[in-house]
1. Over chain B, what relative contact order in percent results from Cα pairs under 8 Å that are six or more residues apart?
2. Given charges of +1 on the Cβ of Lys and Arg and -1 on the Cβ of Asp and Glu, with all other atoms neutral, how large is the dipole of chain A about its Cα centre, in debye to the nearest 20?
3. Where the centroid of each part is defined by its Cα atoms, how far is the stretch A:286-352 from the stretch B:2-37 in Å?
4. If one computes the Cα centroid of the stretch A:101-125 and of the stretch A:3-81, what distance in Å separates the two points?
5. Angle between the Cα long axis of helix B:337-346 and the longest principal axis of chain B, 0 to 90 degrees, nearest 10?
6. Calculate how steeply helix A:157-190 sits against the longest principal axis of the alpha-carbon atoms of chain A, using the helix alpha-carbon long axis, and give the answer as 0 to 90 degrees to the nearest 10.
7. Which value results when the Cα radius of gyration for the stretch A:84-156 is divided by 2.2 N^0.38 Å?
8. Quickly work out the A:THR318-to-B:ALA58 label distance, labels modelled 7 Å from Cα along the C-beta direction, and quote it in nm with one decimal.
Amino acid sequence: MAEAHHPPPLVAGNKSSADVTRDICAPLERGPTGWWWSAFLTSASVLALGAAAVAYQVATGIGTWGLNRTVGWAFDITNFVFWIGIGHAGTLISAILFLFRQQWRTSVNRSAEAMTIFAVMCAGLFPLIHMGRPWLAYWVVPYPNFRGPLWVNFRSALMWDVFAISTYFTISLVFWYVGLIPDLATASARARPGWRRRLLEFFSLGWNGSYRTWHRYELVYLLLAGLATPLVVSVHTVVSFDFATAVLPGWHTTVLPPYFVAGAIFSGMAMVLTLMLVARKVMGLEDYITQRHIDPMCKLTLLTGSIVGLAYLVELFTALYSGNAYEQFAAMNRLWGPYGWCYWVMIGCNVAVPQLLWFPRIRRALPAVFVISVLVNVGMWFERFVIIVTSLHRDFLPSSWTMYLPTSVELATLAGSFGLFFTCFLLFCRFLPMIAMGEVKGVLEHGRGNVAEEVAP
Amino acid sequence: MSKRTLVAVFEHEADLMRAVAAVRAADLKIDDVYAPYAVHGLDRALGWRPSRLGWACALGGMSGAIFMLWLQWWTSAVSWPLNVGGKPWNSLPAFVPVAFEGMVLAAGLTTVFALLAVARLRPGKKTRPIVPGVADDRFALVLEEADAAFDAAAASKLLRNCRAVEVSERVLEDEFSPLGAPAGAARTRLRRRLNYLLLLLLAVVVAMVFLTLPDPSRPNREFFPDMAHSPAYSSASANPNFPDGKTLQSPVPGVLTQGQSPLHYDATDAEALRAGRELRNPFSAKDAKAGARGALVFQTYCTPCHGGGGLGDGAVALRGYPAPPSLVTGDTTKMPDGQLFHIITYGRVNMPAQSGLLSPEDRWAAILHIRSLQTPTAPKSIEAKP
C-alpha cells in the first residue's frame, strides 16, 4: 500500500543534478546521430518542396489553388487553424500546468513550448500566402501612412486574429526564451571554446545563478504564466470568431469558442505525445520522459477529446433545436453530404479512438499511444476541414453549390508546413537543451529524502 | 568597488538550507546565494521580500490596454471614420479583443525587460561563475565580511558543520555585488569602443549626405507604388493583343449601345411609309421642354439647309446646293411623324442620314419643332421663343 501512495519518481534512474546536466547537454555536445541526419534531411527536403510550391503560387497567384466562388476558404484556413491549435498544448503545459503546480510538466515544457513557436510560425504562413501579395502583408499593421491615413478595420474578427496571433507568438517566444536563459548559461559553461560557446554565452545574458536573480525570475515566470493562460484561451476564441461571427449555418454558433479551445489543446496534446515519444527514443531521454509524464498527457488527451465529442453533439443538438431549416440542412449535409466521409473520419479519430486511453494498459503501451496521437492529429485536421468546407460548399443558393478539391500546389504547401515544423524542431533538439534542466533539477528526488539520515551526526 | 567575502560551496540543497538557517541565527550578513536552479523556499529562508516586478507587469498591462483602446477609438471614430455595417463609430465591444491582446503583450514585454534591467542581464555580458559548477550542481553561499568584527574562522567552522565542501575567503569585484555594474576598467574600455563606433557612424552619415545629393530633375525612386501606375493599356495606346493593334475596339456590327432601341427599317421610301404607319412620337406637342430641345436641335442641325423657318432657304441652299423642299407647305405637312423620323434617320435624296449626329430623342424633338413651324399660329423662328 505504501507504494501506492508514493508514485515513482518523475525522473528515473536516481539522477543527480550533475547527471541531468550531462544527459541533457549530451545531444548538444556529441555529433549528430544517423537518425538525426536522416530525419533532418527528410524534413528539409519536404520543406524545400513546400518552399518551391509557395514560390510558384506567389509568382502565379492563388488561382493555383482549388478555391472557387462558393468555397473561398478551404485548405489554407484549415491548415492555419490546425497549426494554431497544435501550438496551444505547449502553452497549456508551460503556463497552465505551471499555475496548477504540476511537477511533471518540467520534463516536457521546453519541447512543448518550442513546438508552440514552430507551430505558430507554420500557422502564420497560410494567411500570409492567402493574401495573394504577401509583400504587402505589413498593411495589416495600423501605422500612420500616406493612404489617407487609412486604418485597419478593428471591428473585423480577422483583424483581431492578427493581433491575437502576433501577441501569442511574441509572448510564447519570450516565455520560451526566459525559460532558456539559465540553461543556456549551463550549456555555455560546458561548451568547448568556439562559435557555439560564444553564441550560447551571448544569449545567456550573463546569467551567473545569483539567487537574487532567481528570486525575481521566479516571479517573472509566474507572471508570464499568468498572462499566457488567458492569452491562449483568447487566441483560439478569436480564431473561432472568424467563423462564429459570420452568419453561415455551421459557423454561426456560440459553442464555437470553447469547442475550438478544447480542440486546440486536444490536438496539441496529441502532437506533444507524438513528438515526445519519438524524441525520448531518438535522443535517449527515456529516463526523463517517463510513464509519469506520458500518463497525464494521455489523460489530458482523453479529457479534451471527450469535450470535443460533447461539442460535436451540442452542434447537432443546436441544429435540431433551432428549428431552422438551413441549420438542419447544414448539419445533415455535414453528416451525410458528399463530404460525409470527412465527418466520420473526424468522429472516428477524435471521439472513438481516444476512448482507448481509459485503459491503463493502453496508456502504458507506447506504440499504441503513438498511433492514437497520430490519429488524433489526422482527426483534428479533418475537423477543421469539415467545419470550413462543408459549411461553405452548399450555401443558401443551390445554383452555386459546388465541390472543392485541393490542387497539388495546396498539398505541397501543407507538406511543406510539416517540413518547416520538423526541420525547426530537429534543429532545436540539436542545438538547444530540449529539457528544462533548471526546472528538472528542482524536482529531482536524488539527495532529498535520504539526506537527513546521511547527515545525522 | 570590491568587497571581502567568505564563499562556501555545498553539494546538496538540504545542506545549503541548513547553512542559511545557521548563518542567519548567528546574525551574519548573507550577500547572495548561487544555485543551479530556483531552490524552493530559499527566499523565505533568506527572509527576502517578494520582488516588486509585479508592479511593472501591472503598469505595462494597463498602459497596453489603454493605448490599444485609444488607438482603436481614434482610428475608427476620429481619424478616418469608416461605416462598417452601420455599426457606431465607437464600437466598444468589438474593440475588446485587441485591447486584451495589447494588454497581455505590453505586460509580458514590460515584465521581462524590467527583469533584465534590474538583474543587469544583457546580451553578450560575460558570465563568470563564482565557483565552478554553480551552473551545474553546486550551491555557493556568499557571506559579506562587513566589518572588522567578522570572525572568518568561526564562520568557516559553522559552514563546514553544515557540510560545506569548500570554504574560502575571496575579494569579489562589483560584478558579483547585488547591483553588480561592470568593473571600472572594463566599463571605460566599453565606453571608448562605443564612442569610436558612434563617431564612425556619424562620419558615414555625413559622407552619405554629400555622396547622395538629391537630383531634383529626376523623380524619386518608388519602392511600393501601391497601384499608383496601372498596368492596363490606356485607350489610345497601341495594343499588340488585337489584330488591328488598337486598344479601344469599335463595337461589333449590329451591337446596341446602352439606352438605344433598334429600328428595323431599310433606307427606302416604302419603308419610310411603313415607319409613318408604325412609329409614334414619344413627346406630346404640349411638352415645353421637348419643344425647346427640338428648337435647339433644329437650329443647330437643320437650319443650314432648311432655313430658320423651314422654308428651304438655308445658307447652304442659297449658295447653290440643291434646295430642300419646304417643311411648312406641301407634302411634308401631310407626312406622319414616323415618316419624318425615318427621313431624318436614314436621309432622302440629297439629305444625308442624321442618325450618327442626333439621338432618337433629339430627332423626335426636332419633329415636334417642325410641327410647330407648320402651325400658322406658331412663331416662325426660334428667336421669338422664350
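1. 17
2. Value, rounded to 20: 660 debye.
3. 55
4. Using only Cα atoms to place each centre, the spacing works out to 11 Å.
5. Value to nearest ten degrees: 70.
6. 20
7. Taking N as the residue count of the stretch A:84-156, the ratio is 1.58.
8. A separation of 3.8 nm, rounded to one decimal place.
Since every read-out is calculated from the coordinates, none of them should be taken as a lab result. A quick note: this is a predicted structure, and the numbers were derived from the prediction, not measured. For neighbour counting, all protein chains shown are included, and Cβ atoms are generated from backbone atoms with ideal geometry for every residue, glycine included.
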